[in-house]
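**Q** Dropping a structure here in structure tokens format, bear with me for questions.
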Amino acid sequence: MKRTLGLAAAIILIAASFVHAAPKDATLTIGFKFETPTMDPHTESSQVSNMRNRWVFQTIMHRTPEGKLIPLLAESHKWVDAKTLEITLKPGLKFSNGEDVDAKAVQYSMRRVFDKKLKSRQTRRMRVIKGDNAVQIVSKYVVRFNLAFPDVGFLNRLGNVGVIVPPKYYSENHHRLGYLATHPIGSGPYVLKEWVRDDHAIYEANPTFWDPQYPKVKRVVAKIIPDATARVAALIKGEVDVIFTVPQPMWGRINQSGKARVISKPSIRIFRIGMYQKWGGILGNQKVRQAIAHAVDRKALRSVLAGSADEATTALHPWTEGYVSPEEFPYPYEYNPAKAKQLLAEAGYPKGIDIDLIANTGAYLKSKEVAEVLTGMLNKSGIRAKLVSLSNRGFRNAFRKNRNKPSKDFKPFLFFQSFGGGGGDSDLQLGALFGCKGAWSGWCDKDGYAQKMIKKASSSTDYKERHEIFAEISKRMTNVVAVIPLYRLHATFGLGNKVDWDPRVD
């Protein structure tokens, strides 16, 4: 009999499918590359922590596999105005320790993010509700958010961060943050029974889960296997049932094993070349940026990935407001090395330019190979790019070093990076990529265009207007070559034959 993943397992894996019967003693084993740093849901916001947290915890809202935002712990919501959001919770829900899922729990959970002892990475995303009166209890199951500024996109974040926890349990153990990081309590479909860090964790079905249909899978094991070859071997041997980000050279081995298969689907992760121009220098010249755009053969880069990447012409993916398809918005700069050299000469660089291309090349499918091919392309057009491959931490530090002011040794650079944005927050995503102080931005409009337009969209409760504004921003960023969108990567999954699952791509 196949083990089947339903809604609860959808929340587990951030994945969903139609469900059928599953054996009561079903165990699903998932092979992960990385361990989650903590099971405290209010401190981290990494991909793996968000995924694992959903096994135990729940949010007010939830996204379907198609990206539609729907209520989860909420029964309904309404915007009183652009700064006031009212949520009505489903009545009678319980945490696994018996506490009520109510307005008090929401208020406590939202305030906890701002506890300085937690040093939460979520505070910036939730800054619109900072303050004692920001989360108001109206009645036992009704809570009102009094936002600091108009931010209609805040509702999206209630489906991604802002996890709800039992206030009595977490307040009583406030002095034991290490304990809370390893002993989570939530309202989700599973409870954590055992955790041996960097080896495995065992989750069992929550017997008091509020939806009696779920979970279909009664026991889940998260097994940490850092090496890709070892993960694939474990899948074929049946030691694990699911793995993520399967290396392309190993697809044949899996598919020919008769024991497992590979599924590849377009994801939400957009790869791009960014321009670090906000402190001046050669990248402030639009003709130089246009030359770089004409030097890149985007189709050839996608061919490196052998069918595992789709066309992308803006920095937004289909789950976000403001997304426009490549058919609606064709890429405006064709591959033309001669044109690139001409533009460099017109910009005052007839002999070409020298520039660093920093790249995070270790995390995603063939990112190293793509970065190397990209470097060769640029050099053919007089853009003498030096590839600087960095770890995740090194790449992050390169941005932080120059975020608020240029370092003494600063010089403009190009960067090769990807961005997902699974929360569907176009305001946060565009702000992060193109805001003057965005976490992953090297761009700053002299006239403050991006910031002004993002603020305008965030103030509107008219979703059509919001979509149009976000689309305008994202197209403009491509047109002025603030970014060169390269491709939308596919998400790849290895599934054992016992698993019947249509993965969702975030």
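The values are calculated or read from the model by the stated rules, or taken from the named source; none is laboratory data. If you're wondering where the values come from, they're calculated on a predicted model, not measured in any experiment. Positions of Cβ are backbone-derived with ideal geometry, glycine not excepted, and every protein chain shown enters the neighbour counts. Calculation scope for accessible area: heavy atoms of the full protein, side chains included, ligands and nucleic acids excluded. Shrake-Rupley method; radii C 1.70, N 1.55, O 1.52, S 1.80 Å.
**Q** With respect to GLY448, is the statement that it is more than 22 Å from PHE329 (Cβ to Cβ) and open to solvent by 10 Å² or more (accessible area, probe 1.4 Å) true?
**A** Taking the combined requirement at face value, the residue satisfies it.
**Q** Do we find that GLY348 is assigned to a loop (DSSP other than H, G, I, E, B) and farther than 24 Å from ARG466 by Cα in this structure? Show your work before the answer.
**A** Values: assigned to a loop (DSSP other than H, G, I, E, B): yes; farther than 24 Å from ARG466 by Cα: yes.
Judged against the criteria, GLY348 is a match.
**Q** What residue, among those in the stretch 332-362 that are surrounded by fewer than 16 Cβ atoms within 10 Å (Cβ to Cβ) and either among the β-branched types (Val, Ile, Thr) or in contact with a strand residue (DSSP E or B) (Cβ under 9 Å, 6 or more places away or on another chain) (or both), is farthest from ASP409 (Cα to Cα)?
**A** GLY362
**Q** So, one more: Taking the condition of being surrounded by fewer than 15 Cβ atoms within 10 Å (Cβ to Cβ) and touching a residue at least 12 places away in the same chain (Cβ under 8 Å), how many residues in the stretch 374-389 meet it?
**A** Selection size over the stretch 374-389: 3.
**Q** Shifting gears a bit: Tally up the residues in the stretch 211-250 that are of a type outside the set (D, E, K, R) and free of Cβ contacts under 8 Å to residues at least 40 places away in the same chain, please.
**A** Of the residues in the stretch 211-250, 7 are of a type outside the set (D, E, K, R) and free of Cβ contacts under 8 Å to residues at least 40 places away in the same chain.
**Q** Would you confirm, using the coordinates I've provided, whether PHE410 is more than 28 Å from GLY67 (Cβ to Cβ) and either outside any helix (DSSP H, G or I) or not hydroxyl-bearing (Ser, Thr, Tyr) (or both)?
**A** Numbers: more than 28 Å from GLY67 (Cβ to Cβ): yes; either outside any helix (DSSP H, G or I) or not hydroxyl-bearing (Ser, Thr, Tyr) (or both): yes.
So PHE410 fits the description; yes.
**Q** Here is a follow-up. VAL161 is checked against (1) farther than 30 Å from TRP319 by Cα; (2) in contact (Cβ under 8 Å) with a residue 24 or more places away in the chain; (3) of a type in the set (A, V, I, L, M) and fails just one. What number does that condition carry?
**A** The failed condition is (1).
**Q** On to the next question. Under the condition of being over 26 Å from the mean Cα position of the chain (by Cα) and modelled with pLDDT under 95, which residue from the stretch 157-175 is most open to solvent (accessible area, probe 1.4 Å)?
**A** Checked the stretch 157-175; the qualifying residue most open to solvent (accessible area, probe 1.4 Å) is HIS175.
**Q** Also, I was wondering about something else. When the stretch 107-156 is examined, which residues are found to be assigned to a loop (DSSP other than H, G, I, E, B), within 21 Å of VAL80 (Cβ to Cβ) and open to solvent by 50 Å² or more (accessible area, probe 1.4 Å)? Break it down stepwise before answering.
**A** The first filter runs over the stretch 107-156 and keeps only residues assigned to a loop (DSSP other than H, G, I, E, B), leaving 113-126, 130-134, 140-141, 147-153.
With within 21 Å of VAL80 (Cβ to Cβ) added as a condition, the list becomes 126, 130-134, 140-141, 147-153.
Within the stretch 107-156, LYS130, ASP132, ASN133, LYS140, TYR141, ALA148, PHE149 meet the criteria.
**Q** Right, next: How about the stretch 228-256: which of its residues are closer than 21 Å to SER308 by Cα, modelled with pLDDT of 95 or more and assigned to a loop (DSSP other than H, G, I, E, B)?
**A** Correct list: GLN256 only.
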